[in-house]
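Take a look at the structure set out below.
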Amino acid sequence: MNTSIKFGITTLAVAAALGGFALSSKTVYAADFSGVKETPVSQSTSYNVFIGYSSLFPVWAQTTSYTLSQGITISGGFNTSYEGIGTSVSTSYTVSGSQNIWVKYPKQLSRLGLFADVTYHKVKDQYYSRGLAISSWYNVYETYADKVIKPRYQDYTHYYQ
């Protein structure tokens, strides 16, 4: 007599090379699975995104440089949407050593700002109860790369340094 028992097995194809993102998944659920399944839908990267101003320098100033001490954290954020879904972009940068940031246009008013490359990831979440999909919704989350602190000029014509 040959008897076999099959159990639910979950496999997820992941392409994670240098922060890569899987855009395909294959999942087989046991009949009693309950939980949320997340499936990648799309992603897009925006480069050199202005995150916010440093509160250490709260006013516009004409200066030749800014000096930051080790351990200072600069954070910022804003609300936006990606593919029709609202999301909150928020990140921070901690100075690892004393830094002197030179201003390219010292005659113009400037402030220090936090910039980063932001990758938006849209996912479809499905809630399962006992192996049956009960509801689904979409979410967006962000990942950040190449965070940098640099001057932002009041007229914004020299936005990228």
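If you rank ILE72, ILE101, ILE134 by how much accessible surface each has, with a 1.4 Å probe, what is the order from largest down? Write out the running numbers ahead of the final one.
Details: ILE72 40, ILE101 20, ILE134 105 Å².
From most exposed to least exposed: ILE134, ILE72, ILE101.
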Residues with amide H under 5 Å of THR91's amide H, sequence separation 5 or more or different chain, H placed in the peptide plane at 1.01 Å from N; which?
-> GLY76
Rounded to the nearest whole Å³, what is the per residue volume of the convex hull around the Cα atoms of segment 40-161?
-> 125 Å³
For LYS124, what accessible area in Å² do you get when you roll a 1.4 Å probe over the heavy atoms of the protein chains, rounding to the nearest 10?
-> 60 Å²
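Tally Lys/Arg at +1 and Asp/Glu at -1 over every other residue whose Cβ is under 12 Å from the Cβ of GLY76; what's the total? Each step should come with its number before you reach the end.
Values: positive: ARG111, LYS147, ARG152; negative: none.
With Lys, Arg at +1 and Asp, Glu at -1, the net is +3.
Might you report the magnitude of the Cβ-based charge dipole of segment 82-161 about its Cα centre, with Lys and Arg at +1 and Asp and Glu at -1, to the nearest 20 debye? If you can, show how the numbers build up before the last one.
Working: 9 positive and 6 negative charges, 42 e Å.
It works out to roughly 200 debye.
All other residues with a Cβ under 14 Å from the Cβ of TYR53 taken together, and with Lys, Arg as +1 and Asp, Glu as -1, what is their net charge? Present the calculation step by step, with values, prior to reporting the outcome.
On the way: positive: ARG111, LYS150, ARG152; negative: none.
Value of the local net charge: +3.
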Environment charge at GLN62 (Cβ cut-off 12 Å; Lys +1, Arg +1, Asp -1, Glu -1) = +2
Report, in whole Å, the centroid distance computed from the Cα atoms of segment 89-125 and segment 28-71.
-> 10 Å
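The values are calculated or read from the model by the stated rules, or taken from the named source; none is laboratory data. Bear in mind that the values here come from a model prediction, so they are computed numbers and not experimental data. No Cβ is skipped: glycine too gets one built from the backbone with ideal geometry, and neighbour counts run over all protein chains shown. The accessibility values were calculated without ligands, DNA or RNA, using every heavy atom of the protein model including side chains. Shrake-Rupley method; radii C 1.70, N 1.55, O 1.52, S 1.80 Å.
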